[in-house]
Amino acid sequence: MLVICVFAVSILTIVAALDNGLALTPPMGWLAWERYRCIVDCETYPNDCVSEQLFRRTADLLVSEGYADVGYEYIIIDDCWLAHERGSDGRLQPDPQRFPSGIKALADYIHSLGLKFGIYEDFGNYTCAGYPGVVGHMKTDAQTFADWEVDYVKLDGCYSEPEDMDTGYPEFGSYLNETGRPMIYSCSWPVYQEFAGIEPNFTALKQYCNLWRNYVDIDDSWEEVEIIMDYFAEKQDSIAEHAGPGHWNDPDMLIIGNYGLSYDQSKVQMAIWAILAAPLLMSTALRDVKPEYKDILQNKAILAINQDELGIQGRRVNNTGLIDIWTRPISPEFDGEYSYAVAFVSRRIDGYPYLKSVTLAEIGLTSACGYEFQDLYSPNTQPQILGPDSVLTVRINPSGVVFYRATIVGAR
Ligand SMILES: *[C@@H]1O[C@H](CO)[C@@H](O)[C@H](O)[C@H]1NC(C)=O
Ligand SMILES: *[C@@H]1O[C@H](CO)[C@@H](O)[C@H](O)[C@H]1NC(C)=O
Ligand SMILES: *[C@@H]1O[C@H](CO)[C@@H](O)[C@H](O)[C@H]1NC(C)=O
Ligand SMILES: *[C@@H]1O[C@H](CO)[C@@H](O)[C@H](O)[C@H]1NC(C)=O
């Protein structure tokens, strides 16, 4: 029996957070690194080298292939765009062969398509690939980015001391702010501290950064996705609470559409990145993404979960029998109870789709209002109405996922 439920206004908690008005939902777009790395040989790899052509072409495809329509917005350069020396005026300059038109022209082109433009630098003597870093030039470099009309800055942390980051990242952020141009500020500060055995200061991170990389760089494999999911689950009690509108934990890029993930594994990455309120930065050759993978990347119901206005990061609530169950509180709320996204991820590889049964109360869905369960990867199946004592049984493919929106009943 389900009771009749009454609407209640949600109360958002106010935290001291970076106040640049940006990234109120997790940023969405495309970032070069995982797929294109530091390919600088444009003769051997004319279509893959880090060059203005790559970013123009990708911006075109973001629009023509429908990604922009569903919310992917930022085109972001990673490492290896720079010349090895600063200009005679002390300013950063791009590699002249690969970016002959200059960065401002590239930004203008991307803006002309209605998109936003991001760039990469490093808080250190060099970028990770050995190009000039911002140390000693922070104010100039922040101004250069503003002059180029950059909308997003990723600041890496190679060739620097992790103990200097608590002051250095805020300092660069203050120069970004002083330019008067709103730029999303993506910090790599916690991952370097994590590996140096320093506990990152999340109070400071959300005060100075819009998003931050917590852990390892993603590579193109299922194993890597598992490592990152496990890290976010094991650390959830110390990191999840710090995510919210304007400030996000970042488990790194989406690798869907590349070589390493099967169709089912791609569905898992998309589902869990939605549960984690993660930035959705694709790193793939948009021209070559097969239709069924594109459908995953453009699944509007899943993107809506990722972009949910409450901005609460989800958690792994159970992982018995190699089945991980993740839930994320989402809107709408009724009577002080949330709706939820619910993902069942199979870590099993033993051959057949595995059956798992739980009652909703066991996974924290306790509202007597009940929930309408919609399978987000099978949108044509009939929704099920379930109460807290109902048993939900799912059949999960090996290294696959079953992903639901559980909308609290009456909330429509
Ligand atoms: C950066 O360069 C300065 C000046 O050469 C040097 O003192 C410092 O040790 C370098 N830092 C790192 C982390 O390499
Ligand atoms: C700079 O910081 C102030 C104070 O937090 C904020 O109100 C303003 O919007 C920021 N401006 C930019 C461009 O980030
Ligand atoms: C963490 O950062 C906050 C805000 O910047 C600061 O007030 C606090 O002292 C820092 N905590 C530690 C342990 O350094
Ligand atoms: C996970 O579910 C199993 C039963 O399926 C239960 O025995 C276990 O206590 C649960 N673990 C957590 C952390 O809720």
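The values are calculated or read from the model by the stated rules, or taken from the named source; none is laboratory data. Just so it is clear, the structure is predicted and the values come from calculations on it, not from any experiment. A quick note on method: Cβ atoms are made from the backbone with ideal geometry, for glycine too, and the neighbour counts reach across all protein chains shown. Remember, those area values only see protein heavy atoms, side chains included, never the ligands or the DNA or RNA. Shrake-Rupley method; radii C 1.70, N 1.55, O 1.52, S 1.80 Å.
Out of the stretch 74-84, which residues are under 28 Å from the mean Cα position of the chain (by Cα) and either in a helix (DSSP H, G or I) or farther than 20 Å from residue 283 by Cβ (or both)? If you could, list the steps in order and put the result at the bottom.
Here is the first cut: in the stretch 74-84, the residues under 28 Å from the mean Cα position of the chain (by Cα) are 74-82.
Of everything in the stretch 74-84, nothing turns out to be under 28 Å from the mean Cα position of the chain (by Cα) and either in a helix (DSSP H, G or I) or farther than 20 Å from residue 283 by Cβ (or both).
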- prompt: In the stretch 199-214, what residues are touching a residue at least 24 places away in the same chain (Cβ under 8 Å) and either in contact with a strand residue (DSSP E or B) (Cβ under 9 Å, 6 or more places away or on another chain) or loosely packed, with under 15 Cβ neighbours inside 10 Å (or both)?
  reply: 202, 203, 205, 206, 207, 208, 209, 210, 211, 212, 213, 214
query: Going through the stretch 322-338 one residue at a time, which ones are over 22 Å from the mean Cα position of the chain (by Cα) and open to solvent by less than 40 Å² (accessible area, probe 1.4 Å)?
result: 323, 333, 334
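Go through the stretch 372-412 and count every residue that is aromatic (Phe, Trp, Tyr) and outside any strand (DSSP E or B).
Of the residues in the stretch 372-412, the ones aromatic (Phe, Trp, Tyr) are 373, 377, 403-404.
Add one more test, that the residue is outside any strand (DSSP E or B), and what stays is 377.
Number of matching residues: 1.
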query: In the stretch 357-368, is there at least one residue being buried (at least 19 other Cβ atoms within 10 Å of the Cβ), more than 16 Å from ligand 3 (Cβ to nearest atom) and under 17 Å from residue 267 (Cα atoms)?
result: no
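Yes or no, residue by residue, for (1) open to solvent by 60 Å² or more (accessible area, probe 1.4 Å); (2) out of contact with any Gly (no Cβ under 6 Å at 6 or more places or on another chain); (3) part of a loop (DSSP other than H, G, I, E, B); (4) of a type outside the set (Ser, Thr, Tyr):
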{"position": "59", "(1), (2), (3), (4)": "no, yes, no, yes"}
{"position": "72", "(1), (2), (3), (4)": "no, no, yes, no"}
{"position": "86", "(1), (2), (3), (4)": "no, yes, yes, yes"}
{"position": "91", "(1), (2), (3), (4)": "yes, yes, yes, yes"}
{"position": "101", "(1), (2), (3), (4)": "yes, yes, yes, no"}
{"position": "105", "(1), (2), (3), (4)": "no, yes, no, yes"}
{"position": "110", "(1), (2), (3), (4)": "no, yes, no, yes"}
{"position": "119", "(1), (2), (3), (4)": "no, yes, no, yes"}
{"position": "130", "(1), (2), (3), (4)": "no, yes, yes, yes"}
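Kindly indicate the residue of the stretch 146-163 that is of a type in the set (D, E, K, R) and farther than 16 Å from residue 75 by Cα and also farthest from ligand 1 (Cβ to nearest atom) among those meeting that condition.
Step one: of the stretch 146-163, the residues of a type in the set (D, E, K, R) are 147, 149, 151, 154, 156, 161, 163.
Adding the requirement that they be farther than 16 Å from residue 75 by Cα leaves 147, 156, 161, 163.
Values: 147: 26, 156: 13, 161: 5, 163: 11 Å.
Ranking the candidates gives 147 first.
From the list 255, 228, 184, exactly one residue is in contact (Cβ under 8 Å) with a residue 60 or more places away in the chain, in contact with a Pro (Cβ under 7 Å, 6 or more places away or on another chain), under 25 Å from residue 341 (Cβ atoms) and open to solvent by less than 10 Å² (accessible area, probe 1.4 Å). Which is it? Steps first, answer last, please.
Numbers: 255 fails: in contact with a Pro (Cβ under 7 Å, 6 or more places away or on another chain); 228 fails: in contact (Cβ under 8 Å) with a residue 60 or more places away in the chain.
Only one candidate passes the filter, namely 184.
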task: Take residue 50 and decide whether it is assigned to a loop (DSSP other than H, G, I, E, B), surrounded by 20 or more Cβ atoms within 10 Å (Cβ to Cβ) and not hydroxyl-bearing (Ser, Thr, Tyr).
output: yes
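This table checks each residue for (1) touching a Ser or Thr at 6+ places or on another chain (Cβ under 8 Å); (2) of a type in the set (Phe, Trp, Tyr).
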{"residue": "37", "(1), (2)": "no, no"}
{"residue": "40", "(1), (2)": "no, no"}
{"residue": "59", "(1), (2)": "no, no"}
{"residue": "72", "(1), (2)": "no, yes"}
{"residue": "75", "(1), (2)": "yes, no"}
{"residue": "81", "(1), (2)": "no, yes"}
